[in-house]
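The values are calculated or read from the model by the stated rules, or taken from the named source; none is laboratory data. Given the structure is predicted, the values throughout are model-derived calculations rather than measurements. Here the Cβ is made from the backbone with ideal geometry for all residues, glycine too, and neighbour counts use every protein chain on show. When the accessible area is computed, the model is the full protein with side chains, heavy atoms only, and any ligands, DNA or RNA have been set aside. Shrake-Rupley method; radii C 1.70, N 1.55, O 1.52, S 1.80 Å.
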Amino acid sequence: LVLFTDDTSICFQPDSRRLRVWRKQGAQASLCAVQEVHAYRDGGIMVWTGIIHGLRTPLVHVEGNITSQRYITDILQTVVQPYQHAFGETFLLIDDNAHAYHARVVDLYCQQASIERMN
């Protein structure tokens, strides 16, 4: 079984109308190497959810910025592990590349809790 997860931020304020262009270090400044990033002002929410085997997890409202400790307590312990126990087997957790999701403390917790994650 696979648990697909994702999070999103919903902004209540319009963007700052500033456009930032990022490119990978060492990449030439060509149009194919840039990524547009729109900066948003304060005032919004972040939510997280997952789907597994035709079911969906509860929608988790994340207060403020997500940290590795919040990811463990608010998501892994309260949502992922109960689903893991309900299915009675280890499943593959697929999350995105957010820094908080791949901190060492999260990796250690997942190893201890037998939560297998996709690299």
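Largest accessible area first, the residues Ile45, Ile10, Ile75 order themselves as Ile10, Ile45, Ile75 under a 1.4 Å probe with ligands, DNA and RNA left out. Potential lengthening of the chain between Leu59 and Ile94 amounts to 11.0 nm, from the contour at 0.36 nm per residue minus the alpha-carbon distance. With both labels modelled 7 Å from their Cα along Cα-to-Cβ, the Asp6 to Gln77 distance reads 2.8 nm. Computing FRET efficiency as 1/(1 + (r/R0)^6) for Gln25 and Ile51, where r is the C-beta to C-beta distance and R0 is 25 Å, gives about 0.10. Here the label points at Ala113 and His85, each 7 Å from Cα along the C-beta direction, are separated by 1.2 nm in the simple model.
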